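Asker: Take this structure first; my questions come after.
Values in this text are rule-based calculations from the coordinates and carry no lab data. Bear in mind the structure is a predicted one, so any value in this text is a computation, not a measurement. Positions of Cβ are backbone-derived with ideal geometry, glycine not excepted, and every protein chain shown enters the neighbour counts.
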Amino acid sequence: MTTIRTAQRSKSRLLLLTGTGLLTMAVLTGCANNNDGAGTPTTEAPTTTEAPMASTPAATEDTTSPTTSDTATSGGTTSPSTSDTATAGGTGSPSTSGTAASGETDAVFSAIDAVLSQHSGGVITTVDREDDRDEYEIDVVSGQEVIETKVLEDGTVQEEGRDNDEDAIRDAQQAEVSAEDAIRTALEGRQGQLLNEAELDEEGGSLHWKIELDRAGGGKGDHLSIDAMTGELTQR
């Protein structure tokens, strides 16, 4: 009996150990699985996000045609302003003194320009047109000399003499109104007339430009007197 009981106890212990071992193995296996899960995270497929529809961006380049007052920008193609004036090296209206103004048709202005281009700073004191052609005898005071010139129809200037007429030199130094401006004033509003003669002369203590016009179709035109100090038309 003792042997049987001993065998039964041994068997019970064996069963107990075996059950305990199985439980222990189960616990260890579960821990291992948990450790494996923590070491290797489950990779989820990323959620595909549909790209938003690209909206048409606002135009950043101004395609509006430039106005005529726009100026050219660096590297751009904008047409330069038609209302600029010079910018360094510009093309503005020429001076009314010593230069034939735009629209003036009387050849006398070109003749005066031709003389002054050779005698810069000179003062015209006499202009006399040939009766049948656009050739002029023009006296110009330069320094202390009166230079007598002739301007041909093609613009050629010929020097014909020099003198020291003190009265002409003094008048040239005192006059405030140039021959060009006096002639321009005389021709203003007198269509169909052209210059025949202009002379700077002192009369009655006053310095005047005496101007005679001819009619383009032939015959005498108006005779005028213009104050050489103020430019005022004083006699018709």
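Asker: Expressed in whole Å with the largest first, what are the equivalent ellipsoid semi-axes of segment 108-235 derived from the C-alpha gyration tensor as the square root of 5 times each eigenvalue?
Answerer: 21, 20, 11
Asker: Can you work out ³J(HN,Hα) from phi for every residue in segment 206-211, in order, using Karplus 6.51 cos²θ - 1.76 cosθ + 1.60 and θ = phi - 60°, giving whole Hz and x for Gly and Pro?
Answerer: 10, 9, 10, 9, 9, 10
Asker: Continuing with the same structure: Which order do peptides 148-158, 203-213 fall in by mean Cβ count within 10 Å, highest first?
Answerer: 203-213, 148-158
Asker: Can I ask one more? Which order do peptides 190-196, 122-128 fall in by mean Cβ count within 10 Å, highest first?
Answerer: 122-128, 190-196
Asker: Within 10 Å, count the other beta carbons around each residue, average over each peptide in 109-116, 173-180, and list them highest first.
Answerer: Descending packing order for the listed peptides: 109-116, 173-180.
Asker: Could you give me the ³J(HN,Hα) list for segment 126-140, computed from phi with Karplus coefficients 6.51, -1.76, 1.60 and θ = phi - 60°, whole Hz, x at Gly and Pro?
Answerer: Coupling constants for segment 126-140: 8, 9, 9, 8, 5, 5, 10, 7, 8, 10, 9, 9, 10, 9, 10 Hz.
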